[in-house]
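Structure record follows, encoded as structure tokens.
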Amino acid sequence: MSTLDLDAFSRMPTAAETEPPGAFPDDPESLPAGSVVDGATIVGTEEQEFDFVVVGSGAAGGVAAHVLADAGLRVAIVEEGAWFRTRQFQLSVQPAFKALYRDAGGFVIQGRTFIPLLQGVCVGGGTTVNSAIAWRLPDDVYADWGARFGLENVLNERNLGPCFEDLERTLNVHPVEEEILGRNNTLMRDGMVALGIRPHVIDRYARGCRGSARCAQGCPNGAKLSTALTYVPWALKKGARLFTQAKVQHVIVSGGRAKGVVAATAGKGTLRLRATRGVVVAASTVQTPNLLRRSGLKSKAIGQNFMAHPGVGLGAFYGDDVSSNRGVTQAMETIHFRRTHRFKLESIALAPELAAVRIPGFGANLVRRLADFRRLAIWGVQVRAYATGKVDSFAGADRVRYTLGPEDVRIAKKGLRTLAEIAFATGAREVMPGIHGLPETLTSPDQLGLIDQAPDDPRHYMFIATHLFGAARMGPDRGTSAVGLDFATHEVERLFVVDSSVFPSNIGVNPQHAIMAVAMLAARGIAARA
Ligand SMILES: Cc1cc2nc3c(=O)[nH]c(=O)nc-3n(C[C@H](O)[C@H](O)[C@H](O)COP(=O)(O)OP(=O)(O)OC[C@H]3O[C@@H](n4cnc5c(N)ncnc54)[C@H](O)[C@@H]3O)c2cc1C
Ligand code: SF4
């Protein structure tokens, strides 16, 4: 097969096309009347009072809001993005990115090279656009955070274990079923087995997944259990109110205490929400530290120690169809190298428009490769990078400065080489290492040494970042951390931070599960004290 049959990518029937109205938890009819206020409708100044205001409706904010509402507290959730519902999700990448991603996916980390940094800006945040991979916090991370950052009495297995269990039960975390794995995933498994690498079928938050490989555009089947389908609607059913398209400008601080927030709405109005018991910030690693700064906090730790898991990808053409559009977006992985080499390997099906950016060549060569898209397998390396960076703002816009060191690039190279070995072990004809300066494709295992010899300079690689940590780290010491062991900032009482800004380091596995568990633990403590 050598035609670019894009129809094949669009014609899997979705649940959004077949389910009756009101069948998804995010259908307006499924939600309590008046529980969602669209900021586009707020044109003047509106004031309301709650016990808690939660900023952000993603992994951390969704869970925290539900815990607080479930405790009988009056909760407002303020979300910068709009609520795109299951029935509105698009197959096509461009409108999906415009609707769901910050800067339509165009935000970049600045450093020795530009690195695209993807974040959801919509109800559900990253959980709406991600692949729903669930990983508990590894033991060595608990140990490290205790030994180096003094977190042993808070972020430990005893406290977080029950939160993980709760999340796993509630969000139906389970390994992807064999029948919806798809060949992009099984090829990777076969190659790993051939090379003696331990494969792992990915555990995901999903129910009724059809393996339509389009998680990044939002799940049209309501199968991926994002916070937009779970904790946010559940919080609304417990009496919370959600304000969408309302960007919190600053936290109102008076007498050393957080008293509410001021948000700018899409209707060009102003939303002033009083919070009699506190403000919970869950705006994510880039936006949380900048919101704290805009609210007048001065701690030197705010914006420092940003960390990430930059990823690089590798494509491999086979002699027959891989059909990466059939199967779960990401279903195969290995942590075989996590401790020894600081990388994790994952399969990842990309839409043709996204993959095309990474397919090398021009003219007839490029056209031939695009036409062979169905024979393409794509996998990635997540690097647990040593590099640290800074988050701040420039001319009113968020800015992240971060440069990968040679040691981080060497980790990525080792990961790419391993993926290339996996590809050749399963009969790939051409492997695209995606490294500037190397041949566009490698056609024999004899060429693998070229990857080892590639420069240790990040400018030669196409990194992308989706896992973000730090920049408002937790710790007992006011001099080196922004947030105390009770999740309140050192500077302002009742101003809580519950997202991965508080993580003192990256973790080497996908972060959503750890972020949700930490937010759950934090919110339970906040609710108990309230
Ligand atoms: C494409 C992609 C795939 C990924 N795949 C996985 C995966 O499979 N597994 C995994 O573990 N992790 C994955 N991640 C990472 C994971 O989604 C994030 O780590 C997680 O969502 C972060 O949670 P959070 O609550 O800190 O932030 P988010 O989920 O990003 O939520 C923050 C929310 O706050 C809102 N907000 C920000 N500023 C303001 C403001 N001033 N006022 C009001 N609202 C504001 C944002 O719009 C956003 O909705 C992926 C991420 C991406 C982008
Ligand atoms: S692969 Fe992703 S988009 Fe497709 S049904 Fe499963 S969760 Fe939904």
Index of the failed condition, R148 passing every other in (1) farther than 25 Å from R384 by Cβ; (2) in contact (Cβ under 8 Å) with a residue 60 or more places away in the chain; (3) part of a helix (DSSP H, G or I); (4) not assigned by TED's automatic domain parsing to the domain that holds A316 = (1)
query = Can you tell me how many residues in the stretch 479-494 are surrounded by 24 or more Cβ atoms within 10 Å (Cβ to Cβ) and either among the β-branched types (V, I, T) or within 16 Å of ligand 2 (Cβ to nearest atom) (or both)?
reply = 2
task = Please tell me if H436 is surrounded by fewer than 22 Cβ atoms within 10 Å (Cβ to Cβ), within 28 Å of V141 (Cα to Cα), away from ligand 2 (no atom under 16 Å from the Cβ) and of a type outside the set (A, V, I, L, M, F, W, C).
result = no
key: Tally, over the stretch 260-276, of residues that are surrounded by fewer than 19 Cβ atoms within 10 Å (Cβ to Cβ) and more than 11 Å from ligand 1 (Cβ to nearest atom)   = 8
note = Considering the stretch 277-288, residues that are assigned to a loop (DSSP other than H, G, I, E, B) and not hydroxyl-bearing (S, T, Y), and then whichever is surrounded by the most Cβ atoms within 10 Å (Cβ to Cβ), we arrive at A282
Residue tally, condition near ligand 1 (Cβ under 8 Å from one of its atoms) and either farther than 19 Å from A514 by Cβ or in a strand (DSSP E or B) (or both), over the stretch 108-126 = 4
query = Within the stretch 130-145, which residues are within 7 Å of ligand 1 (Cβ to nearest atom), buried (at least 22 other Cβ atoms within 10 Å of the Cβ) and farther than 26 Å from A96 by Cα?
reply = none
message = Among the residues of the stretch 446-455, what is the count of those that are surrounded by 14 or more Cβ atoms within 10 Å (Cβ to Cβ), in contact (Cβ under 8 Å) with a residue 12 or more places away in the chain and in a helix (DSSP H, G or I)?
response = 2
task = State yes or no: is A263 more than 25 Å from the chain's Cα centre (by Cα) and part of a strand (DSSP E or B)?
result = no
inquiry  = Is it the case, given these coordinates, that A82 is on the phi < 0 side of the Ramachandran plot, within 13 Å of ligand 1 (Cβ to nearest atom) and modelled with pLDDT of 95 or more?
reply    = yes
task = Tell me, please, whether a residue that is modelled with pLDDT of 95 or more and either part of a helix (DSSP H, G or I) or within 22 Å of A308 (Cβ to Cβ) (or both) can be found in the stretch 69-78.
result = yes
query = Is it the case that some residue within the stretch 216-224 is of a type in the set (S, T, N, Q) and either assigned to a loop (DSSP other than H, G, I, E, B) or more than 28 Å from L419 (Cα to Cα) (or both)?
reply = yes
ask   = Is at least one residue of the stretch 495-516 crowded, with 17+ Cβ neighbours inside 10 Å, acidic (D, E) and out of contact with any helix residue (DSSP H, G or I) (no Cβ under 6 Å at 6 or more places or on another chain)?
value = no
remark   = Taking the stretch 348-374 and keeping only residues that are among the basic types (K, R) and modelled with pLDDT of 85 or more, one is left with R368, R369, R374
ask   = If the Cβ limit is 6 Å and pairs must be 6+ apart or interchain, which residue in the stretch 208-236 that is closer than 10 Å to G124 by Cβ and near ligand 2 (Cβ under 7 Å from one of its atoms) pairs with which residue that is in a loop (DSSP other than H, G, I, E, B) and at pLDDT 95 or above?
value = K224/A132
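The values are calculated or read from the model by the stated rules, or taken from the named source; none is laboratory data. Given the structure is predicted, the values throughout are model-derived calculations rather than measurements. Cβ: placed from backbone, ideal geometry, glycine included. Neighbour counts: every protein chain shown.
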